[in-house]
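Read-outs throughout are calculated quantities, based only on the coordinates presented, and are distinct from any laboratory measurement. In this text the structure is predicted, and so the values were computed from the model without any measurement. All Cβ positions, even for glycine, are placed from backbone atoms using ideal geometry, and neighbour counts span all protein chains on display.
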Amino acid sequence: MPKPKGKAKRPVPPLPRRWAGARWRPVSVGGGLGLAAAAYVGVDYLRQLSPAWHGRLRPALWAVLALAIAARAPFYRRWDAELRAAPRFVAALVFMLAALLCEAISVRFINTVLGLQWHRSTAPLPDTGQWILLALNEKLPQTVVDILRARIIALHHYLMLFIMLAFSALFDCIKGPGLGIGSRYMFTMAVGRLLRTITFLATILPSARPWCAEARYRIPDYPHPWAQKYYAPYASDKMMIWRVMKQDMPFATLQDYPDEYRPDWGLMSFLVDILRPNTGEGPSWYHLLKKSSGGCSDLLYSGHMLVAVLTVMAWTEAYGGWSSIVIWFLVVHSAQREIRERHHYSVDCIVAIYVGMLLWRMTGFLWSARETNRSRRIAKLDEVQNRLFRAAKDSDILEVRSLLSEVELAGQEKKGFSQCIIFTFAAAMIVFTLLFVLLAFTLTNDG
């Protein structure tokens, strides 16, 4: 007797690639963004090998990238999402600039508060990372040592790599909006800079380059009045340290020091005690901050490494692939160079790496590579699930269609801007961003 045939399973159509998982998958899989990044870093490295070829190829590469953006912009389909992300982007930009201003003021303060004599006489801290690199120089082949010493990538390269990543949303290489990932990057940068400022203000560490302060600053030899009272008398004398510990109150008789120079900065005169200006350093507080640069006391943790880690974290999450692995290697190369060239101690680079990674993981609410449309659909389906079952049980086809329509609409982005507004915003955004990038590179060419 033949066996009854089982009920055939209903075929389930495969989901499109874009919706197959919870993460965004780039539309272009040919590695175009990675090749563009490699071309940028490679052409810029020609500065070290052949300045003549660098002078020819760099403008050509920048022109190609700018023309590609201008040609693609009219066909980008998510300008409405970019427009909705613009307020968040502007807020993050203002927050980042405020954090950088606070950091610059703090850098100037810790570099001047103890006086030039302290910078001359205080030895660098022992750094086992520096010892290891020196030992490797003795053991490794000279070719490998030369590669480790090579200045392949710098701060402005990491900034440019992130800008390329954000602009690649135009080509569907990453999930848009590009201003969304830009907002997350700047917000995370601002938080990281504020945490860094609090950290290096808490304890002043000597620089790994003892000659730095004398070469960069024009500051008095003697300490600031605050340091004269609370630090200098108790800096080295064991009995004085013991007494101040017991009394828990400053008691020492202060030495006679020259009076502090106090220029008239109008409304900003409250910064005189913090920035400690000297004669001949410029007419305003802004000139002092421009000269503060990276500072000449050790800044725990490294700001350069924070930028590098945030860039590679953004690249890994948004784009991935072989290019993110290469950038991770470049980050490690940058870290050992920071230690090798004594811009930072090893601890500064190590702390910057894990702080940058943790901060990036914590700010996913601003932008994420995960598909929010799909998540909204699932959330809406959970919300109407009971009503949908009831309508199906009652054979209410109209109600079923209405509920399924609500689920579909929940995953769609809202449309609320005219084409004229979108095109105007697109043109203004591209021009503003390109000008801002050029201005930022020009004003921060000293690091």
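Tally Lys and Arg at +1 and Asp and Glu at -1 over the other residues with C-beta under 12 Å from the C-beta of TRP211: what net charge comes out? Overall, the nearby charge balance is +3.
Under a 5 Å amide H to amide H cut-off, with H placed in plane at 1.01 Å, what residues pair with TYR319 once short-range neighbours are removed? Here nothing satisfies the definition. Separation of the stretch 123-200 from the stretch 266-291 is 31 Å, based on Cα centroids.
What is the magnitude of the charge dipole of the stretch 91-214 about its Cα centre, with +1 placed on the Cβ of each Lys and Arg, -1 on the Cβ of each Asp and Glu, and no other charges, expressed in debye to the nearest 20? Could you put the intermediate results ahead of the total?
Values: 10 positive and 6 negative charges, 24 e Å.
Dipole size: approximately 120 debye.
How much length is gained on full extension from TYR231 to LEU195, taking 0.36 nm per residue of separation minus their Cα-Cα distance?
On the way: separation 36, 0.36 × 36 = 12.96 nm, distance 2.43 nm.
Computed gain between TYR231 and LEU195 is 10.5 nm.
VAL191: net charge of surrounding residues, Cβ under 13 Å, Lys/Arg +1, Asp/Glu -1, itself excluded? Walk me through the numbers on the way to the answer.
Details: positive: ARG184, ARG193, ARG196, ARG361; negative: GLU103.
That works out to +3.
Taking 30 Å as R0, compute the FRET efficiency from the Cβ-Cβ separation of LYS246 and ARG120 and round it to 0.05. Show your work: numbers first, answer last.
Details: r = 32 Å, r/R0 = 1.06.
Efficiency, from the Cβ-Cβ distance: 0.40.
The aspartates and glutamates within cross-link reach of LYS290, meaning a Cα-to-Cα straight distance under 20 Å and a gap of 8 or more places when in the same chain, are GLU103, GLU214, ASP264, ASP273, GLU281, ASP298, ASP446. When each of the peptides 221-231, 237-247 is scored by how many other beta carbons lie within 10 Å of its residues on average, the order from highest to lowest is 221-231, 237-247.
ASP256 to LEU435: extension gain in nm, 0.36 nm per residue of separation minus the Cα-Cα distance? It would help to have the intermediate numbers written out before the result.
On the way: separation 179, 0.36 × 179 = 64.44 nm, distance 5.17 nm.
Extra length available between ASP256 and LEU435 comes to 59.3 nm.
Working ranking of peptides 68-81, 250-263, 157-170, 314-327 by packing, defined as the average number of other Cβ atoms within 10 Å per residue, highest first, is 157-170, 314-327, 68-81, 250-263. Compute the semi-axes of the equivalent ellipsoid of the stretch 114-213, taking the square root of 5 times each eigenvalue of the Cα gyration tensor, and list them largest first in whole Å. In descending order, the three semi-axes are 36, 25, 11 Å. Size check on the stretch 33-75: the Cα extents along the three principal axes, sorted descending, read 39, 19, 7 Å.
Over the stretch 183-321, what is the relative contact order in percent, taking alpha-carbon pairs closer than 8 angstrom and at least six residues apart? Write down the numbers at each step before the final one.
Details: 80 pairs, mean separation 56.3, N = 139.
The value is 40 percent.
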